[in-house]
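Beneath this line is the structure, given in C-alpha cells, with notes to follow.
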Amino acid sequence: MKIRNLRLNGQLEWMAFAEMPAVGWEIPGRGRNLQQTAYEIQVALAEDTEFASPVYATGRVEAAAAQFVQIEAEALPATLYHLRVRAWTNEASSATDWSDPVCFWTGLGDADWQGQFITPERPPRPRESCAFYLRRSFTVRGDSPIKSAVLYMTALGVYRPFLNGKRLGDTELAPGWTAYQAHLRYQAYPLEGRLEPGENVLGALLGAGWFKGTIGQGRCNYGRSTALLAQLVITYADGSRDTIATDTEWQCALSPVSFSEIYDGEIYDARLEEEHWSEPGFQPLAERGWRAAAPVRVPRDYFKALRPTEASPVKQQESLPALRVFETPAGERVVDFGQNLAGWVETRAAGEEGDYLELKCFEMLDEHGNAYTINLGAAQQTLIYVFARQGQVTFAPHFTFQGFRYAQILHFPEGSEPGTGNFSSHAVYSAMERTGHFLSSSPLLNRFMENVLWSMRSNFLDIPTDCPQRSERLGWLGDAQIFAPTACYLYNADAFFRKWLLDLACDQREDGGVPHVVPDVLTYSNWGYANPSSTYAATGWADAAVLCPWTVYLAYGDREILARQYPSMRAWVEYMRSKADEQGIWNSDTMQFGDWVALDAPPGSRVGATPLGLIGLAYFARSADILAKTAALLGKDEDAEDYLQLHEKLRENFRQLYLTEEGLLAEEAQTQTSHVLALAFGLVPEQARQPLADRLAEMIRAADGHLLTGFLGTPRLCAVLTEHGHFDQACRLLFREEFPSWLFEVRQGATTIWERWDGIKADGTLHEPGMNSYNHYAYGAVAAWIFSALGGLNPDEHEPGYKHSHIRPLICEQYLTQASTSLQTYYGRLSTAWTVRDGAVELTLTIPPNTTADIELAQAREIRDADGLDFRPAAQGYRAAAGSGTYKLSYTIK
Ligand code: BGC
C-alpha cells in the first residue's frame, strides 16, 4: 500500500516553488478509525534517483500530521528535486511502501536573474494593442548530454512561449494579473527532451493584456509599453550550466495579432504571419520589420517582485459544441452554445485571401429574441480573423476572453453558410482541482448548482472577478468575500486565493485602507468617482482582507496563510479603529456600497435599506473577532487580548445602538439584512438571538415569503434561519420558484447566476442595462449553505482543513427525496448521501482516513441503525463521535 494524492502546498499539480514547499498526503485504506501514527519524508536532487544522499530526510516522525509538513531545507535556484513519503498507521506494524517520487522545480532568486526586461516597443505604443513576435536563436552544446533544462518567462503584458516552432505548455494569458508594481509572476517550463544539440530558438508572442491594455476605465494602468523577461537554464551532465536570457540579441517584429484587448476582443490578420518564425534556420529580415528588442530600464529592486506561479495557471478547459445557428427576428445570425461562460469561440472556416470572419460575443437574447449587447458597456467582445490564403483555418484568440453564451456572426467568408460544425466555445479559467459535488432529487436545484459552478468558472480567471463580460471584470472584494466559502467547496481554491491575497496586501494603502478591487486599477485609473479617494475602504468589501484568509484557513488548514496575511488583516482593522467614533461607527468619507443591489433599496438607488452605520459596525466587529482568533493562533497574545476586547466593545456598542429594550432591532434597522448580520456575526446577547431570528422569519412571511436582501445579507440568510429553528423557512426560500428567488432565475433559463434578482423579469423584459450582468457569482454564495446544511459538511475551526469535521445533514423532505454531497478534502473524500421517505432516513457517510468527525442528526427522533456508532441524545436530535470509515445509518425524523 502506498500513500495517495501527494500534495505540495496543498496542490496535486504545480509549476515551480520559490521556497521549499510543504508536503501533504492521504493515508490509503477505507478502514474505520484509521489513523496515521508516523511518517517519513525524503527529498533529493532529481539525479539522485535512489535517494542515496537526500538533501532532506525526516527519518521516522511519530505524528498524525499529514498536511502542510514543511520541508525544512534551503531551496537551490533552478533545481529539480524529487520527493517521496511513507507512513505508518494504527492498522499495520509496517510502513506503507514509499510513494512514487514526485518532482518539482525551484524558481530563481532575485539575484539569480541574468535576463533583462526587453521591449519590442521603441518608441512605446501606449494606444496600440498589437502583439509582437520575439525570438532568439541559441546553441546547445553537443559534447555533454543535458541533465535538465528549465525556462522561466514572464511579461509586462501577456505572452505565449515557443520553442523550436512549437508552443510551450498550455497556460493562457500568462503571467496573469497581479499588482504588477509589486508582484509579478513568472512561469516555469521544463524543457527535458526538447532541446537539440546545435541551433535552437526561443520565441514569445507578447500582447498588451491587463498591463497596458484598457482595464477599469483607462489603459496603461501599469505602463506604456509591454516587455518580456526570460531565462533558460540548461544543466549538462558534466555539471556545467548555460543560461540564455532576454537581452538585445532578441529580435522582434509585429505579429498577426494586430489588436488584442481584454474587453474588446482580437483582430488576427493572417497575412502578417511569418511562417517558421520561432524555428531554427529562420532569417529575421529587417525588410520584413525584424529588429533588435530594446532593453527596458527597470530598477534592480523590481526583481524582488518576481515570484513563480506555483499552481492554478489559467487554462482552456471545457469545450462545448454550438447547439444551433439561427436568425433572430431582427435578422441577426447568431450561434448559441447553450451555456454562458468566460473564454472564447473557436471557429473553423474556409475563405479567400483578404476575406474575413467577424463575431461579436454576448450573453443574452432580449425579450424579442434579438441579440442583447447593451449590458456589455464599452466592451466590444469582437473577434476578427482575416484570411491570408485560400483554405480552411481554425481560429481562437490569444490575449483576450469573452463572457458569452451567444455569438453574432457579423461576417462569414463569402460562399459558405455557417453551421454548428463551424463553432465551439471554450471555457478559460484558473486550473483548480474540482472538489465539491452536490446532486439531489430536484432537477431545478441541480441546475442551480450547475449555474453556481459556471459562474465560478467564469469569474476565477486568475483573479476573482465580479463578472466576465462587460467593461469591468475587476477583482471586487465584496463579491470575493461572500463567495469564498462556496468557492472553497466547489474547487481547491487554495493556491488561487493565496496569490490574490498577496496582491491584496500589495495594493493595501499605508494607512491600512483596502481597495475596492484587487489588483487595484481603480486608484490608478481613477474610476471617475466624485471623490478620488473613493476607491478603497468600503465596509463588507475591504473586510475581505480579514475574512478571505480565514475562509481559506478553515477549508485547507494551513496556518501559513494567516501568518502571511496577518499584517494586512491587522492593518485593516486598525484602519477602521482609527476612523471610528466612540461607538465604533466609522463614517469615513470613502464610498460605501452597503447591502448592494438589495431589493429594499429606495427607488433609483443600488444601495439597500440596511443602515450603512449598522453594516459598518457589524463588519468591524466581525473582522475584529476573526483577527483576535488569528492572533491567538499565531501566538500573538497581546494582540489577541486587544482584539478580543475591541470585539467585545463593538458588540456592546451594537447592543446599545441597535437593540431596543424589548430585545428587537431598532426602527431604522428593520430590514432582513440587519437581522442576518446581527445574528450571523454574533452581535447580540444570547437571549436576544431567538426573538431576532423569529422576527426575521416573520419579516420574510410579511414580504410575501421572499427575500429582500442584497450582497451582504443574502449569503448568510438561510444559515441564520437554519441555526435558529427556521430550517423550513430557509428551504422555502431556496425552493421558491417565483420572483425573487434563486430558482426563479433557473426557471427563466439562466445557465449562470445573475447580478440582479430581476435580470429577466417575470414578464420577460430585462433589467435596465447599466448594471445587469448575467454572470455574477455573488448570489450563488448560498451554495455554501447547501453544502453545509443539506450536505452537512462543515469544517471545524479548531482542526481546520477537515482534520475534524462537523457533519450535520438536514433533511428537507418537503422538497427532496435524496441528496448526495461530497468534498475532496486534503485527507480524502468526505461525503454524505441521504434518502428519505415518510420520515424514514437512510444516510451513508464517509469520513476520510486520519480524520475524525462529530455527527449531529438534529432532526432525528429515533436512530434505527447506528452502524456501530454511539449516538447520544443532544439538545436537538442525536450526536455521535466518529473516526474514519463509511457508515450506513437509518433514523426517523417524524
Ligand atoms: C460590481 C459589483 C461590485 C460593485 C461594488 C459593481 O460594478 O459589478 O459586483 O461589488 O460594483 O458595488
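The values are calculated or read from the model by the stated rules, or taken from the named source; none is laboratory data. Since the structure is predicted, the reported quantities are computational estimates derived from the model, not experimental observations. Please note: Cβ atoms are built from the backbone with ideal geometry, for glycine as well, and neighbour counts cover all protein chains shown. Note: accessible area is taken over every heavy atom of the protein model, side chains too, but ligands, DNA and RNA are not part of it. Shrake-Rupley method; radii C 1.70, N 1.55, O 1.52, S 1.80 Å.
Of note:
- Filtering the stretch 476-492 to residues that are within 10 Å of the chain's Cα centre (by Cα) and either within 14 Å of the ligand (Cβ to nearest atom) or within 22 Å of VAL597 (Cα to Cα) (or both) leaves ALA480, PHE483, ALA484, ALA487.
- Residues of the stretch 323-359 satisfying the condition of being under 18 Å from THR420 (Cβ atoms) and charged (D, E, K, R): ARG324, GLU327, GLU332, ARG333, ASP336, GLU346, ARG348
Condition check ((1) aromatic (Phe, Trp, Tyr); (2) assigned to a helix (DSSP H, G or I); (3) modelled with pLDDT of 95 or more) across all residues:
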site	(1), (2), (3)
ILE409	no, no, yes
GLU417	no, no, no
SER424	no, no, yes
ALA427	no, no, yes
ASN446	no, yes, yes
GLU450	no, yes, yes
ASP466	no, no, yes
ARG470	no, no, yes
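Here's the yes/no breakdown for (1) more than 13 Å from GLY157 (Cβ to Cβ); (2) crowded, with 24+ Cβ neighbours inside 10 Å; (3) in contact with a strand residue (DSSP E or B) (Cβ under 9 Å, 6 or more places away or on another chain); (4) of a type outside the set (Gly, Ala, Ser):
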residue: HIS183; (1), (2), (3), (4): yes, no, yes, yes
residue: LEU191; (1), (2), (3), (4): yes, no, yes, yes
residue: ARG194; (1), (2), (3), (4): yes, no, yes, yes
residue: ASN200; (1), (2), (3), (4): yes, no, yes, yes
residue: ALA208; (1), (2), (3), (4): no, yes, yes, no
residue: ASN221; (1), (2), (3), (4): no, no, yes, yes
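- Taking the stretch 675-716 as the range and being among the polar types (S, T, N, Q) and either open to solvent by less than 40 Å² (accessible area, probe 1.4 Å) or closer than 19 Å to ALA484 by Cβ (or both) as the test, the residues that pass are THR709, THR714.
- Subset of the stretch 572-599 [within 16 Å of the ligand (Cβ to nearest atom) and in contact (Cβ under 8 Å) with a residue 60 or more places away in the chain]: THR590, MET591, PHE593, GLY594, ASP595, TRP596, VAL597, ALA598, LEU599
- Count of the stretch 749-759 residues which are away from the ligand (no atom under 16 Å from the Cβ) and touching a residue at least 40 places away in the same chain (Cβ under 8 Å): 2
- Subset of the stretch 760-803 (residues that are aromatic (Phe, Trp, Tyr), within 14 Å of the ligand (Cβ to nearest atom) and in a loop (DSSP other than H, G, I, E, B)): TYR774, TYR777
- Qualifying residue in the stretch 69-88 (condition: open to solvent by 40 Å² or more (accessible area, probe 1.4 Å), in contact with a Leu (Cβ under 9 Å, 6 or more places away or on another chain), over 25 Å from GLY557 (Cβ atoms) and charged (D, E, K, R)): no
- Residue satisfying all of: in the stretch 822-871; more than 27 Å from LEU490 (Cα to Cα) and not charged (D, E, K, R); surrounded by the most Cβ atoms within 10 Å (Cβ to Cβ) among these: ALA860
- GLN402 vs. criteria within 11 Å of GLN469 (Cβ to Cβ), open to solvent by less than 40 Å² (accessible area, probe 1.4 Å) and not charged (D, E, K, R): yes
- Positions within the stretch 93-116 being surrounded by 13 or more Cβ atoms within 10 Å (Cβ to Cβ), over 25 Å from ALA18 (Cβ atoms) and among the hydroxyl-bearing types (Ser, Thr, Tyr), in sequence order: THR96
- Enumeration of residues in the stretch 80-121 that are aliphatic (A, V, I, L, M) and in a loop (DSSP other than H, G, I, E, B): ALA92, ALA95, LEU108
- Scanning the stretch 792-817 for residues that are open to solvent by less than 10 Å² (accessible area, probe 1.4 Å) and touching a Lys or Arg at 6+ places or on another chain (Cβ under 9 Å), we see that the one that is farthest from LYS629 (Cα to Cα) is GLY792.
Okay, residues lined up against (1) touching a helix residue (DSSP H, G or I) at 6+ places or on another chain (Cβ under 7 Å); (2) assigned to a strand (DSSP E or B); (3) of a type in the set (Gly, Ala, Ser); (4) loosely packed, with under 13 Cβ neighbours inside 10 Å:
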site: GLY24; (1), (2), (3), (4): no, yes, yes, no
site: ILE41; (1), (2), (3), (4): no, yes, no, no
site: ALA44; (1), (2), (3), (4): no, yes, yes, no
site: ALA52; (1), (2), (3), (4): no, no, yes, yes
site: GLY59; (1), (2), (3), (4): no, no, yes, yes
